[in-house]
Amino acid sequence: MDMPVWWTRAVAARPGVRHIRPMRSAIPAGLLAVLAGTAPVQAAPRPVDHGACGPAIAAAEGAAHTAPGLLAAIGLVESGRTDHRTGARQPWPWTVTAEGAGTYYPGKAEAILAVQALQARGVASIDVGCMQVNLMYHPAAFRTLDEAFDPGPNAAYAARFLSSLHARTGAWPAAAAAYHSFTPERGAQYGKLIANVWAGVPVPVTASPGGAEVVSFPDGGQLRIFRDAAAPGRTGRVLGYLSGP
């Protein structure tokens, strides 16, 4: 974004298993190894928290006196992730976007490591957290990456920035467009998308064959592609892009 804006169940022997019936040929070798304690046990997956950003965004809206629901609409577009169990879409706090790629990480530690890896190879324009605050355009926004990925400070900074854009433009829809870009052709499409979501229209998301989530502009063209960091077959960064209709 040229204007600052700011992711096997553990298999272990069950208690009480005292012996194995002598029919080893009927039991997979891998399972026997686990039961015998000779195979590594994988960590259980962490629960997915799809609600971490919501309360932080609501609090930030109130503190900065932004238009009710506008910051939440921006968050849905900027870092929204679909909960495939419920179909609900919520901003995801461990989202990292760089080089046109949006990636959902499973937790703060993984997101921080991803940003550090990007910075180590010279990438400066990186959007982080619930509201996708850009670290290059806002170098003083957060004291640490840990704070940058904290939903509270992330949303609070975004709300203050949105409020400053309102003071500059004189209107909330214009401020929302400027959150993405002051370039008219880029800001206009984004502003229209945010206005729709603010009015209750679902974020226009389609799923790619590879499992990525593609967010599109109302009049055509893709805003961004998102994918889980742990998606099957993922070996590197996700390729995404920002284009007009």
Compare the peptides 68-74, 126-132, 108-114, 83-89 by average per-residue count of other Cβ atoms within 10 angstrom and give them in order, highest first. 126-132, 68-74, 108-114, 83-89
Two pseudo-spin positions, 7 Å from Cα along C-beta at Arg121 and at Arg160, lie apart in nanometres by 3.3
Can you divide the C-alpha Rg of segment 53-228 by 2.2 N^0.38 Å and report the result to two decimal places? 0.96
Rh_Kirkwood(segment 109-202) over Cα pairs, Å, one decimal, evaluates to 14.3
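Stretch Asp83-Ala207 to full length: gain in nm at 0.36 nm per residue minus the Cα-Cα span? Please list the in-between numbers first.
Numbers: separation 124, 0.36 × 124 = 44.64 nm, distance 1.30 nm.
Extending this stretch completely gives an extra 43.3 nm.
With contacts defined as alpha carbon pairs under 8 Å and 6 or more residues apart, what's the relative contact order of segment 53-228 in percent?
Relative contact order for segment 53-228 comes out at 22 percent.
Where a number appears in this text, it was derived from the coordinates with a stated rule and is not lab data. None of the values given here were measured: they were computed from a predicted structure. Methodologically, a virtual Cβ is constructed for each residue, glycine included, from the backbone with ideal geometry; neighbour enumeration extends over all protein chains shown.
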